[in-house]
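The values are calculated or read from the model by the stated rules, or taken from the named source; none is laboratory data. Owing to the predicted nature of the structure, the values given are computational and were not obtained by experimental measurement. Don't worry about glycine lacking a Cβ; one is built from the backbone with ideal geometry, like all the others, and counts go over all protein chains shown.
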Amino acid sequence: MSFNAFSNTKYVVSKASKGTFPLASSGRVASLVVSSNEFKGVLKVVGHLQNDIFKVTSLKPNILSTNYDNTDILLIIGTLGNSTIIDELVEAGKIDKAQLSGAREKFITQVIDNPVKGVKKALVIAGSDKRGTIYGIYDLSKQIGVSPWYYWADVPVKKQSELHVLPGQHTLGEPKVKYRGIFINDEWPALGGWASKTFGGFNHQFYDKVFELILRLKGNYLWPAMWGSSFYADDPLNGVLADEYGVVMGTSHHEPLARAHKEWQSFGGKAWNFNTNPDQLKDFWKGGMERVKNRESLITIGMRGDGDEPMTEGTAIELLENIVTTQRDIIEEVTGKSADKTPQVWALYKEVQEYYDQGMKVPDDVTLLLCDDNWGNLRKLPELNAKPRKGGYGIYYHFDYVGGPRSYKWINTNQIERVWEQMNLAYQHDVKELWIVNVGDIKPVEFPTDFFLEYAWNPEQWNPENLHEFYTDWAEATFDGQFTNEIAGILKLYTKYNARIKPELIDSSTYSLMFFNEADKIVEDYNKLVAHAEEINEKLKPEYKDAFYQLVLYPVKASANLNELYTSVAKNRLYASQGRVIANDYANKVQELFDKDAELTHFYHTDIANGKWVDMMSQTHIGYTSWSDPKENIMPKTESVIPEKKLSIGVSVEGSTKWWPKAKEEAVLPIFISYENTSHFVDIFNRGKKVFNYKITSESEWITLSKTTGTVDKQERIQVQINWSKIPEGINRSSFVIKAENLEIPIYVEFSNPNLSQARGFVESDGYISINAENYSSKFEPKAFTWEVVDNLGREASSVISLPVKYGRLPLSESSPKLTYDVYLKSKGNVKVHTLFSPTINYSIREGMLFALGFDNDKPEVVNYDADATIFNYNGKVPAHWHENVSNSIKVITTELNVESIGNHTLNYYRIDEGLVLQKIIIETQHSYLKETYLGPPESYKAN
């Protein structure tokens with residue numbers, strides 16, 4: 001869809017045609033005209049446009065306020081009611097005032113003939129207000145090829161000599177969400193170290209870059225860095241600059257009345273306790289309000305405990321209401337206006353939500369800032385039929401977090417599909433006043449931040465059908481159309497892989513070495529991305545390589561390296577327990593991968609952009625043992641093996657940690673099944689110093705081996721397959737024998753070759769059926785309802801949701817929205833149906849979150865997704881298994897159903913409540929057979 005989905009229609013082209021405006025052509029460039037009485041922020045951003053045009057064309061436009069009569073082409077910029085020249089154009093009927101008057105943050109860009117005497121043609125950017133004009137300017141910059149990330153990710157500017165603006169009117173309209181912003185947080189050691197070395201701290205030089213980025217991304221709101229920093233006190237010019245730019249300032253959820261938490265210590269603050277120290281707190285808050293009373297701000301009210309902790313034990317509703325009343329009195333005193341004339345926000349963060357749920361009164365003009373669980377799952381939304389509030393509702397979302405179950409700050413782990421799905425829920429529940437996202441260090445969450453603010457501008461623009469276009473449009477715009485689809489594919493997959501489990505949570509036990517080749521496949525998939533990214537990097541134009549390293553290559557390589565490191569640790573420990581000498585090689589490999597992680601970071605800090613990003617990737621991410629990050633990366637412990645001096649041979653089989661000849665039971669490979677056509681492996685390994693030879697003989701011609709003879713220095717892996725063309729129907733058993741020196745070890749092989757001529761749908765194998773949710777056999781969509789497959793959302797494939805949200809809970813009936821899955825069961829009786837969902841939290845006051853399951857025409861069973869008891873922890877009120885659910889990025893609901901016969905059946909999944917995101921279904925028929933793995937069994941074979 002090219003440019004269309006990413007922004008508005010592309011209106012700057014490289015060739016002139018009828019009616020186009022020559023912004024730059026034949027060595028000439030239009031002058032920029034802006035009234036001297038224009039807002040300071042607009043004048044500043046006009047200067048940015050001047051530089052942007054110069055970067056693109058090598059021609060630097062003049063900036064004029066008068067004396068433009070003899071210039072035949074002009075770019076006129078200004079704000080309605082604040083620009084003499086724009087107001088004159090309105091008066092002359094050249095600009096339609098009705099399109100801007102009363103609008104919020106809107107601009108129109110249009111070509112006008114004979115705008116003023118002596119001027120043949122002009123391009124006009126007119127804004128309804130200061131930010132509207134600024135957005136119009138930056139939109140033109142983006143149209144000529146200047147990325148919002150030109151500074152923050154070193155995205156190059158492509159040189160062009162011809163820039164022509166198409167005739168007609170170009171606009172993005174008004175934003176659908178009023179306040180759209182970011183929260184710089186958890187900013188040490190990475191961003192803090194970088195800012196200190198680059199700017200001398202979080203001063204106005206630093207924030208100049210931040211404000212510009214926010215506005216280029218069409219945001220308008222900021223919570224500033226606050227770990228040991230004070231936005232207003234550290235540099236008084238910070239607030240001045242924000243006001244000039246038109247960036248609305250706030251403070252975080254636990255920093256009321258424009259006061260940074262750090263200031264309390266410098267203020268000489270005693271107890272942060274309103275019961276015992278109210279007067280000092282009042283003076284403190286009053287000082288905060290006095291310095292922002294004449295600036296555009298969104299004032300945080302309320303109070304949490306000192307250091308972002310609960311204020312008291314229990315739910316102190318009356319105390320908090322008294323605090324807010326006091327704060328609003330201070331606002332009125334300082335501003336001289338009633339409190340409802342000053343925009344305010346109250347964050348229902350963590351335990352504060354419980355206050356509200358239990359009846360805490362919130363003034364109607366205050367924006368209620370609802371929050372996620374710090375892991376991207378919304379905790380609360382207004383009811384679909386809720387009475388409108390004057391102050392409306394907002395959402396505080398997270399791309400980064402410090403806290404349990406594990407801090408995650410290092411790398412991007414956010415799928416934009418999940419962001420879309422959760423924030424779509426918010427928008428459909430009328431949360432439109434404020435969207436703010438914790439972006440940590442800004443880098444390396446450039447991509448999801450861009451999406452979040454783009455989505456906030458117009459949530460109605462994005463849906464499951466076109467989300468993939470954000471990847472391609474972003475890749476095309478960022479890398480000038482080089483390898484667009486390939487880069488988009490890498491972005492989709494690496495964020496998907498990283499979203500399965502935060503890197504800080506991975507350890508040697510995360511992925512299974514025993515079953516489904518899971519751990520090796522994870523490493524293989526990551527390394528395929530690395531190879532693809534490196535191939536692209538080799539072919540990219542040189543000037544794009546710095547940006548590519550930051551936005552694609554580093555996150556892919558570093559993530560792949562980390563996963564391979566922990567898989568190597570797992571192999572080292574398993575092999576050491578078996579006495580394999582190759583365990584020592586894996587110990588060395590762990591060290592190499594640990595060192596490689598440091599090398600990748602060093603390259604980022606010293607080589608990329610000539611050392612511009614020193615310290616930016618210094619966040620530790622290896623060696624977590626609790627929720628908090630270690631002070632430095634810690635290499636996982638490995639074990640060494642002392643080889644036996646005598647000849648010592650070992651054999652192991654896939655699916656078992658035992659080894660032979662030590663083990664007393666038979667060595668049996670996992671069952672082979674004809675329709676799956678898989679292979680399994682046997683390892684022949686050395687436990688000593690002496691090299692040995694082996695030979696494998698088989699009693700059956702059905703068994704195919706990758707090798708039958710060889711020499712083992714350390715280890716040999718033998719792949720075992722079955723020649724199905726020679727096997728009769730039914731279940732059979734055979735064996736082969738490994739002979740090494742004077743040792744003989746039989747390996748038993750079981751294989752099943754069933755007749756599936758009558759089978760329909762997914763076929764039971766080894767006691768289970770595994771189905772990816774999007775692969776339903778049929779769907780039923782009553783009028784107004786749809787089942788939407790959200791491509792790429794989830795741990796493995798895609799996910800399915802029911803839309804629209806607005807109808808809420810539906811009564812279960814024959815006309816309910818339904819997905820049907822055809823299955824072929826080899827077992828009957830009691831079965832377990834495991835439905836795997838994204839870890840959504842019940843955001844409603846209704847009892848539970850319901851869906852229904854049933855086989856065939858049986859009466860469906862209503863299942864409560866939210867049946868867990870609730871607990872209170874560091875995130876407030878959450879489901880009892882919340883820790884496990886968010887750690888694994890999945891919630892598993894198990895339902896027992898009865899199947900009366902072997903053969904073909906249909907499993908039906910019904911919508912009752914909205915908001916559930918179904919990723920996978922596993923039907924377990926033989927409960928002892930379902931093997932423990934992180935992702936669960938791969939999708940089952942599907943018959944015609």
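All conditions in (1) buried (at least 20 other Cβ atoms within 10 Å of the Cβ); (2) hydrophobic (A, V, I, L, M, F, W, C); (3) assigned to a helix (DSSP H, G or I) hold for Val439, with the sole exception of (3). With a requirement of 2 or more residues that are at pLDDT 95 or above and among the hydroxyl-bearing types (Ser, Thr, Tyr), the strands (runs of 3 or more DSSP E) lying completely within segment 780-893 that satisfy it span 799-803, 818-825. When segment 626-673 is filtered for residues that are among the polar types (S, T, N, Q), in contact with a strand residue (DSSP E or B) (Cβ under 8 Å, 6 or more places away or on another chain) and buried (at least 16 other Cβ atoms within 10 Å of the Cβ), the ones remaining, listed by number, are Ser648, Ser652.
Of everything listed in (1) farther than 16 Å from Leu705 by Cβ; (2) assigned to a strand (DSSP E or B), the single unmet condition for Val651 is (1). Taking the listed residues Asp473, Asp525, Asp507, the one that is more than 20 Å from Gln415 (Cα to Cα) and out of contact with any Cys (no Cβ under 9 Å at 6 or more places or on another chain) is Asp507, with no other qualifying.
Lys218 meets the conditions (1) touching a Gly at 6+ places or on another chain (Cβ under 9 Å); (2) within 19 Å of Phe447 (Cβ to Cβ); (3) not in a helix (DSSP H, G or I) in every case but one. The failed one is (1). Of everything in segment 590-623, what is on the phi > 0 side of the Ramachandran plot and assigned to a loop (DSSP other than H, G, I, E, B)? Give them in sequence order. The answer is Asp615, Gly623. Just one of the listed residues (Val334, Val345) is more than 26 Å from Met423 (Cα to Cα), in contact with an Asp or Glu (Cβ under 9 Å, 6 or more places away or on another chain), of a type outside the set (Ser, Thr, Tyr) and surrounded by 14 or more Cβ atoms within 10 Å (Cβ to Cβ), and it is Val334. Once segment 468-478 is narrowed to residues that are crowded, with 23+ Cβ neighbours inside 10 Å and in contact (Cβ under 8 Å) with a residue 60 or more places away in the chain, the residue that is nearest to Ile416 (Cα to Cα) is Phe470. Here Glu460 passes the criteria (1) touching a residue at least 60 places away in the same chain (Cβ under 8 Å); (2) under 23 Å from Lys539 (Cβ atoms) except the one numbered (2).
Checking each residue in segment 173-201 for being within 19 Å of Val402 (Cα to Cα), part of a loop (DSSP other than H, G, I, E, B) and touching a Phe, Trp or Tyr at 6+ places or on another chain (Cβ under 8 Å) picks out Asn185, Asp186, Glu187, Trp188.
All of Lys130, Lys121, Lys117 fail the test of being at pLDDT below 95 and more than 17 Å from Phe21 (Cβ to Cβ), apart from Lys117. Residues considered: Phe751, Phe681, Phe762. Of these, the only one that is assigned to a strand (DSSP E or B), closer than 30 Å to Leu907 by Cβ and modelled with pLDDT of 95 or more is Phe762. Taking segment 226-265 as the range and being among the aliphatic types (A, V, I, L, M) and either surrounded by fewer than 22 Cβ atoms within 10 Å (Cβ to Cβ) or touching a helix residue (DSSP H, G or I) at 6+ places or on another chain (Cβ under 7 Å) (or both) as the test, the residues that pass are Met226, Ala233, Leu237, Val240, Leu241, Ala242, Val247, Met249, Leu257, Ala258, Ala260. Does at least one position in segment 411-418 carry a residue that is surrounded by 21 or more Cβ atoms within 10 Å (Cβ to Cβ), closer than 20 Å to Gly305 by Cα and hydrophobic (A, V, I, L, M, F, W, C)? No, there is no match, as no residue in segment 411-418 is surrounded by 21 or more Cβ atoms within 10 Å (Cβ to Cβ), closer than 20 Å to Gly305 by Cα and hydrophobic (A, V, I, L, M, F, W, C). Among the residues of segment 15-26, is any part of a strand (DSSP E or B), surrounded by 15 or more Cβ atoms within 10 Å (Cβ to Cβ), among the aliphatic types (A, V, I, L, M) and touching an Asp or Glu at 6+ places or on another chain (Cβ under 7 Å)? Within segment 15-26 (the criterion being part of a strand (DSSP E or B), surrounded by 15 or more Cβ atoms within 10 Å (Cβ to Cβ), among the aliphatic types (A, V, I, L, M) and touching an Asp or Glu at 6+ places or on another chain (Cβ under 7 Å)), the answer is yes, since at least one residue qualifies. Criterion applied to Trp152, Trp194 was being in contact (Cβ under 8 Å) with a residue 60 or more places away in the chain, assigned by TED's automatic domain parsing to the domain that holds Pro444 and in contact with a Lys or Arg (Cβ under 9 Å, 6 or more places away or on another chain), and the one residue passing it is Trp194. Here is the figure for segment 517-535: residues that are buried (at least 20 other Cβ atoms within 10 Å of the Cβ) and either polar (S, T, N, Q) or in contact (Cβ under 8 Å) with a residue 60 or more places away in the chain (or both) total 1. For segment 86-115, residues that are surrounded by fewer than 18 Cβ atoms within 10 Å (Cβ to Cβ) and over 20 Å from Lys178 (Cα atoms) total 9.
Residue count for segment 51-63, restricted to those that are crowded, with 17+ Cβ neighbours inside 10 Å and out of contact with any helix residue (DSSP H, G or I) (no Cβ under 6 Å at 6 or more places or on another chain): 4. For segment 683-704, residues that are among the hydrophobic types (A, V, I, L, M, F, W, C) and either closer than 24 Å to Asn584 by Cβ or surrounded by fewer than 17 Cβ atoms within 10 Å (Cβ to Cβ) (or both) total 4.
Please determine whether any residue of segment 811-818 is buried (at least 21 other Cβ atoms within 10 Å of the Cβ), in the same structural domain as Ile902 (by TED's automatic domain parsing) and over 22 Å from Ile923 (Cβ atoms). Checked against the condition, which is being buried (at least 21 other Cβ atoms within 10 Å of the Cβ), in the same structural domain as Ile902 (by TED's automatic domain parsing) and over 22 Å from Ile923 (Cβ atoms), segment 811-818 yields no hits at all.
Looking only at residues in segment 917-938 that are β-branched (Val, Ile, Thr) and either closer than 24 Å to Asn904 by Cα or surrounded by fewer than 20 Cβ atoms within 10 Å (Cβ to Cβ) (or both), which one is farthest from the chain's Cα centre (by Cα)? Only one residue tops the list, namely Thr925.
Applying a threshold of 7 Å to beta carbon distances and a minimum spacing of six or more residues, or different chains, the list of pairs starting in segment 29-48 at a residue that is modelled with pLDDT under 95 and ending at one that is part of a helix (DSSP H, G or I) reads Asn37/Thr84.
Looking at segment 91-108, can you tell me whether even one residue there is closer than 30 Å to Lys612 by Cβ and either assigned to a loop (DSSP other than H, G, I, E, B) or at pLDDT below 95 (or both)? No, segment 91-108 contains no residue that is closer than 30 Å to Lys612 by Cβ and either assigned to a loop (DSSP other than H, G, I, E, B) or at pLDDT below 95 (or both).
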